[in-house]
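A short write-up of the structure that comes next.
The values are calculated or read from the model by the stated rules, or taken from the named source; none is laboratory data. Because the structure is a prediction, the values reported are computed rather than measured. Glycine gets a Cβ as well: all are built from the backbone with ideal geometry, and neighbour counts include every protein chain shown. The protein model used for the area step is the full one, side chains on, heavy atoms only, and it has no ligands, DNA or RNA in it. Shrake-Rupley method; radii C 1.70, N 1.55, O 1.52, S 1.80 Å.
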Amino acid sequence: MWWRAASVGVVLGALAYAADFCQGLLAIVMLLLSSSVFAWGAAGLAFGFASRDRRSAIGAAVAVLTAATLVYYGIILVDGHRWRDAVTDGDAFSGASSLVSVLTATAFWTAAAVAGGTVLGLFGQAIRRSGPTVAALVAGCSFALLAGQGAVAAVRVYTLGAGWAWLEGVAEVLLAAALTATLLGRGPGPHRWWTFAGAAVALLAASHAVWVQLDIIRTTGTLW
């Protein structure tokens, strides 16, 4: 399971890098499927759910996220034009204006992948093996984690009137709901759907607030 997860992570990281160069509708699709919190979080949660026990769930979820992170930043380092051009042209890329900042971002997001993979792996196992109420609550929490960034992006882009780009954020929210509901439905019954829905809505509000603050940090040019 770990090697399969790592293989998926390699593909995910490569697609995320390719998404940086896409435009228009293709960019929206690529961001949704390979370069969003939903895409990466969904992979970790799904591998956690599919694993046979907690240890393998953590290992698989960490493997997919770590592999994706290292491949994404590894290609940036090998390709080199981002950080080389940034040094030559004088801050051509805010937030990644030198090789040092790329290496810092790599270290930071690798650590985040380990921490996030651990949480998502355990969440996947909890949805699959816990009692009905706990499974529903964890599924609702998982939805909030996967959908928070998309909700913020959808509201921000819609407010700015930037065409149809807000659909990518809406799609993240809808797909996160579909995934977590599907995983909950595949777990042991009976299924507490109202508990799931209540937890999902309440925790999405909290997740939205957190992502708003993270967006503020990102726009200041730290680690991104």
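A few remarks follow.
- Within the range 23-74, being in contact (Cβ under 8 Å) with a residue 12 or more places away in the chain and polar (S, T, N, Q) holds for 34, 35, 36, 51, 56, 66, 69.
- Of all the numbered requirements in (1) open to solvent by 40 Å² or more (accessible area, probe 1.4 Å); (2) touching a helix residue (DSSP H, G or I) at 6+ places or on another chain (Cβ under 6 Å); (3) at pLDDT 95 or above, residue 119 misses one, and that requirement is (2).
- Any hit, the range 153-164, residues being in contact with a Ser or Thr (Cβ under 9 Å, 6 or more places away or on another chain) and either open to solvent by less than 30 Å² (accessible area, probe 1.4 Å) or part of a helix (DSSP H, G or I) (or both): yes
- On inspection, residue 56 does not qualify as of a type in the set (Ser, Thr, Tyr) and at pLDDT below 90.
- The number of residues in the range 127-136 being under 23 Å from residue 208 (Cα atoms) and surrounded by fewer than 21 Cβ atoms within 10 Å (Cβ to Cβ) comes to 1.
- When we screen 169, 124 for residues that are crowded, with 20+ Cβ neighbours inside 10 Å and either at pLDDT below 95 or farther than 19 Å from residue 46 by Cα (or both), the only hit is 169.
- Every pair of residues 6+ apart whose Cβ atoms lie under 7 Å, when the first sits in the range 143-167 and is farther than 18 Å from residue 179 by Cα while the second is modelled with pLDDT under 70 and of a type in the set (Phe, Trp, Tyr): 166/158
- For the range 11-65, a tally of residues being within 12 Å of the chain's Cα centre (by Cα) and of a type in the set (S, T, N, Q) returns 3.
- Candidates 68, 39, 27, 57, filtered to the one that is open to solvent by less than 20 Å² (accessible area, probe 1.4 Å), under 22 Å from residue 103 (Cβ atoms) and assigned to a helix (DSSP H, G or I): 68
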